[in-house]
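Chemist: Sharing a structure, written as structure tokens. Questions coming.
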Amino acid sequence: MSGSRLLPIAGALLVATAALAAPASAQENETLTDKGKLEQTIRDYLLAHPEVIVEALEKYQAEQEKAAAEKQAQAIVERRDELTRAPDAPVLGNPDGNVTVVEFFDYRCPYCKTVAHTFIDLFEKDGNVRFVMKEFPILGEDSVFAAKAALAAHMQGKYREFHIALMDFKGKVTGADVRRLAADVGIDVARLEKDMQSPAIIDSINRNLSLGEAIGVRGTPAFVIGDQMIPGAISAEDMQKRIAAARNTQG
């Protein structure tokens, strides 16, 4: 704002300050009385019609949610390559599929475990879905350990088997459980533990965490299809509908 535009505003503030300091005139007292009557009228109306307040709050909330969804969709578009084409991200299903589903998950998340097998089977049965796996360990050090181990298993070509073993495990997986499960699916555990310390694996997890924050992942599981974020453990039927909708959009 220029200095010439500030002068009238400053003058008005000075006048207002002086007016407040001066004794109230009869006209000012009348204005204050009218204001008080108006406020009382509004108060009485709202007390008699509280649904108006609820309606206003609901409208405000809807506007906020719409703005947040639009912001999230824009962030997804801007980070599309990181989401769907990161060279170090494991891919299940069909690597050349015509629909890409991205999942952010944690091996200690019970909701992730609930849907893991169902969706892997669904996508492989479909035959045309790229299922991009984003290790997103947010539930403690054991989660981080499991995520590192899974990416190290990927280096041995054993990601799918190990991922399923971790997801099928009942309870909150620990470091000892990770080592045992790795051995059970034929992984070289000594090499696994060495590879887990690789800067590339640590960097991959950190980038997933940063990416999830950027697009608004608030918990696990979280799926991304197209420009949409789908939070939570949705049903296989819902997932099929969303995949069909994504194919229709592309067509």
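The values are calculated or read from the model by the stated rules, or taken from the named source; none is laboratory data. Just so we're clear, the structure is a prediction, and the values are computed from it rather than from any experiment. Note: ideal-geometry Cβ built from the backbone for every residue, glycine included; neighbour counts use all protein chains shown.
Chemist: Going by the structure shown, is K172 of a type in the set (K, R), at pLDDT 95 or above and surrounded by 14 or more Cβ atoms within 10 Å (Cβ to Cβ)?
Modeler: no
Chemist: Right, here's the next one. Hey, can you tell me all the residues within segment 88-115 that are within 10 Å of R130 (Cα to Cα) and aromatic (F, W, Y)?
Modeler: Matches in segment 88-115: none.
Chemist: Check A165, A146, A214 and return the single one that is closer than 27 Å to K71 by Cβ, assigned by TED's automatic domain parsing to the domain that holds L92 and in a helix (DSSP H, G or I).
Modeler: That would be A214, the only listed residue that is closer than 27 Å to K71 by Cβ, assigned by TED's automatic domain parsing to the domain that holds L92 and in a helix (DSSP H, G or I).
Chemist: Further, regarding this structure: Do we have E70 as out of contact with any Gly (no Cβ under 8 Å at 6 or more places or on another chain), over 30 Å from A116 (Cβ atoms), among the acidic types (D, E) and modelled with pLDDT under 85 here?
Modeler: yes
Chemist: Also: For a quick check of your reading of the model, give me the residue pairs whose first member lies in segment 32-56 and is exposed (fewer than 10 other Cβ atoms within 10 Å of the Cβ), whose second is part of a helix (DSSP H, G or I), with beta-carbon atoms closer than 7 Å and at least 6 apart or on different chains.
Modeler: none
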